[in-house]
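Reading through the C-alpha cells given below for one structure.
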Amino acid sequence: MQKIKFTKMEGIGNDYVYIDATRNNIRLTPEQIQKISNRNFGIGSDGVIFIRKSDKADFMMDMYNSDGSSSEMCGNGIRCVGKYIFDYGLTKSKTPKIETGKGVLELDMETNASGLVNLVTVDMGEPILIPEKVPVLLPGVNPIIEHEIDIKSHKLKFTAVSMGNPHAVIFVEDSDKFPVTEIGPILETHSLFPRRTNVEFVSVRGKDHFYQRTWERGAGETLACGTGACAVHVAANLTNRGGRKSRIDLRGGTLFIDWTEKGNVIMKGPATTVFEGEFEI
C-alpha cells in the first residue's frame, strides 16, 4: 500500500483533490480517481488535479474529471493550483506560469493578511471559435452562434466556444427552472460533439450580469465552472447580450470576466483550501 498526501481545495464550490506530483511521478488509474472523487465512499470532489514539473512553464496542471477521464483545462482548478504552489512553498512568485491543455497560462495572485493566496487572476488566452477546433461537427458554419437544436421538445440555441475545453452556451429565461440535469447529459454526449462538451445554461440578471448553471463533461452538474464562465462571457458578447466586462454568478459564487481589446479573456476569482490529509492505494 502507498500513502499519498492530498489537499482538498475549491474555487467557488468547484472542488478538486490536489496532489503534489513534483517530487514523485504519482499516477492513478481512472478507477482510483473515481473512488477518490466519490462523495459517499471517497474524499469527494469534481475530480483530481496533479501538480507536475514542466519543461514549458513553472508547473503543469494535470487534470482528471470525477469519472476518471482527462480534461484539458479548468478555470477554477488553475486558480487553486496557483494557491497551492504558493501557500505550500513550491514557488515564491505571485505570477507563475502554468502549463495546461490550453497552453501556458499566467496567473496574478493576491494574498491576505496571513500571507496566503485568496484571489487569483488568470489570463485564459483567446477563446477558440473555429468549429473543428472546439470541436463541433457543423461543416460550413463558422463561428457557431445561436445554432438551433431540438432536445426533448426544447427548442434551444447554442453558441460554441472553447477555452481549451469545449462549451455549448445556451441562454434560457430562468436557469434555475430549466431541467439542467435532464438536458445537460443529452447535449454532453450529442453526436455534434466528438469529444463531448460542457454545457452552460445562462439567464440574464442585468447589464453585463449573468447567472450560469453548468453541466460539466465527465462530472455532471457542478457548483461552478471557470472556463464555462469565460465561455458564457464570450457568447454574451457575440450575441449582443453583454460587453467587454461582466459579472457571472454561479451556484458556488461569483467570477469577474474581461474580454480585452487584445483578444484574451481574463478571469478573477477566489481560491480556498478546505482540508488536507492522506489516502492509501
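Residue by residue, here is whether (1) under 15 Å from the mean Cα position of the chain (by Cα); (2) of a type outside the set (D, E, K, R); (3) surrounded by 17 or more Cβ atoms within 10 Å (Cβ to Cβ) holds:
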{"residue": "S191", "(1), (2), (3)": "no, yes, no"}
{"residue": "P194", "(1), (2), (3)": "no, yes, no"}
{"residue": "T197", "(1), (2), (3)": "yes, yes, yes"}
{"residue": "F210", "(1), (2), (3)": "no, yes, yes"}
{"residue": "T214", "(1), (2), (3)": "yes, yes, yes"}
{"residue": "G220", "(1), (2), (3)": "yes, yes, yes"}
{"residue": "L223", "(1), (2), (3)": "yes, yes, yes"}
{"residue": "G228", "(1), (2), (3)": "yes, yes, yes"}
{"residue": "A231", "(1), (2), (3)": "yes, yes, yes"}
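Scan region 18-32 and give yes if some residue there is assigned to a loop (DSSP other than H, G, I, E, B), under 18 Å from F275 (Cβ atoms) and in the same structural domain as V104 (by TED's automatic domain parsing), otherwise no.
For region 18-32, residues assigned to a loop (DSSP other than H, G, I, E, B), under 18 Å from F275 (Cβ atoms) and in the same structural domain as V104 (by TED's automatic domain parsing): absent.
Restricting to region 60-111, name every residue that is among the polar types (S, T, N, Q) and in a loop (DSSP other than H, G, I, E, B).
Passing the criteria: S66, S69, T91, S93, T95.
Is there a residue in region 164-186 that is assigned by TED's automatic domain parsing to the domain that holds A224, over 19 Å from V232 (Cα atoms) and either at pLDDT 95 or above or surrounded by 14 or more Cβ atoms within 10 Å (Cβ to Cβ) (or both)?
Taking every residue of region 164-186 in turn, at least one turns out to be assigned by TED's automatic domain parsing to the domain that holds A224, over 19 Å from V232 (Cα atoms) and either at pLDDT 95 or above or surrounded by 14 or more Cβ atoms within 10 Å (Cβ to Cβ) (or both).
Among the residues of region 69-86, write down those that are touching a residue at least 40 places away in the same chain (Cβ under 8 Å), more than 22 Å from V232 (Cβ to Cβ) and surrounded by fewer than 22 Cβ atoms within 10 Å (Cβ to Cβ).
S69
Go through V141, V161, V122 for me and flag whichever is of a type in the set (A, V, I, L, M) and surrounded by fewer than 18 Cβ atoms within 10 Å (Cβ to Cβ).
Every option except V141 fails the conditions.
Quick one: how many residues across region 112-152 are over 22 Å from the mean Cα position of the chain (by Cα) and outside any loop (DSSP other than H, G, I, E, B)?
Qualifying residue count, region 112-152: 5.
D46 passes all but one of (1) surrounded by fewer than 16 Cβ atoms within 10 Å (Cβ to Cβ); (2) within 19 Å of the chain's Cα centre (by Cα); which number fails?
(1)
Filter region 38-60 down to the residues that are more than 18 Å from E72 (Cα to Cα) and not aliphatic (A, V, I, L, M) and list them by number.
N38, R39, N40, F41, G42, G44
The values are calculated or read from the model by the stated rules, or taken from the named source; none is laboratory data. These numbers come from a predicted model, not from an experiment. Heads up, the Cβs are rebuilt from the backbone with ideal geometry, glycines too, and the neighbour counts pull from every protein chain shown.
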